[in-house]
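Engineer: Can you keep this structure in mind? I'll have questions shortly.
The values are calculated or read from the model by the stated rules, or taken from the named source; none is laboratory data. Since the structure is predicted, the reported quantities are computational estimates derived from the model, not experimental observations. Ideal geometry is used to build each Cβ from the backbone, glycine not excepted, and the neighbour counts take in all protein chains shown. Protein only, heavy atoms only, side chains kept; ligands, DNA and RNA dropped before computing areas. Shrake-Rupley method; radii C 1.70, N 1.55, O 1.52, S 1.80 Å.
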Amino acid sequence: MGKGMKAGKKHTSGGAASMQKQMAQLQAVQRKMAETQAELEKQEVSATAGGGAVSITVNGAKTLTKVEIKPEVVDPDDVEMLQDLIIVAANEALRQMEEISQTEMNKLTSGFGIPGMI
């Protein structure tokens with residue numbers, strides 16, 4: 001070991017400043033994520049099933065906001081088909097909104113390289 005050096009001591013200039021900079025960046029991303037989520041909640045997406053017989057609209061909070069059913073698909077003898085059409089349209093609308101949400105959040109977190117962070 002060289003003269004004047006002590007075992008176990010490392011030179012760490014700028015480590016704390018770098019950590020503070022990273023924390024500030026993370027806080028800025030968190031703020032932007034909250035803003036983006038608020039904007040996403042205002043968006044709406046619609047999906048249809050049965051050639052447009054059923055239309056479902058969901059918002060960014062993934063809440064159903066509108067259901068439209070064309071009268072000609074309301075068959076009292078085949079309620080099951082109508083139920084299936086509603087499920088298909090609702091799931092598609094929710095899938096689309098989830099895709100939009102993921103895309104927007106990934107834009108914010110792509111530079112951090114943190115696994116599992118949306």
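Engineer: Tell me which residues, restricted to the range 14-48, are outside any helix (DSSP H, G or I) and open to solvent by less than 60 Å² (accessible area, probe 1.4 Å).
Structural biologist: Start the filter on the range 14-48 by keeping residues that are outside any helix (DSSP H, G or I), which leaves 14, 43-48.
Those that are outside any helix (DSSP H, G or I) and open to solvent by less than 60 Å² (accessible area, probe 1.4 Å): 14, 45, 47.
Engineer: Mind checking which residues of the range 85-114 are open to solvent by less than 80 Å² (accessible area, probe 1.4 Å), more than 30 Å from residue 22 (Cα to Cα) and out of contact with any Lys or Arg (no Cβ under 7 Å at 6 or more places or on another chain)?
Structural biologist: Once the filter is applied, which keeps residues that are open to solvent by less than 80 Å² (accessible area, probe 1.4 Å), more than 30 Å from residue 22 (Cα to Cα) and out of contact with any Lys or Arg (no Cβ under 7 Å at 6 or more places or on another chain), the range 85-114 yields 85, 86, 89, 90, 92, 93, 96.
Engineer: Can you tell me which residues in the range 46-83 are in contact with a Lys or Arg (Cβ under 6 Å, 6 or more places away or on another chain) and more than 22 Å from residue 101 (Cβ to Cβ)?
Structural biologist: Matches in the range 46-83: 53 only.
Engineer: How many of the residues making up the range 49-82 are hydrophobic (A, V, I, L, M, F, W, C), open to solvent by less than 90 Å² (accessible area, probe 1.4 Å) and not in a helix (DSSP H, G or I)?
Structural biologist: Of the residues in the range 49-82, the ones hydrophobic (A, V, I, L, M, F, W, C) are 49, 53-54, 56, 58, 61, 64, 67, 69, 73-74, 79, 81-82.
Next, only the ones that are open to solvent by less than 90 Å² (accessible area, probe 1.4 Å) stay: 49, 53-54, 56, 58, 61, 67, 69, 73-74, 79, 81-82.
Add one more test, that the residue is not in a helix (DSSP H, G or I), and what stays is 49, 53-54, 56, 58, 61, 67, 69, 74.
Residues meeting the conditions: 9.
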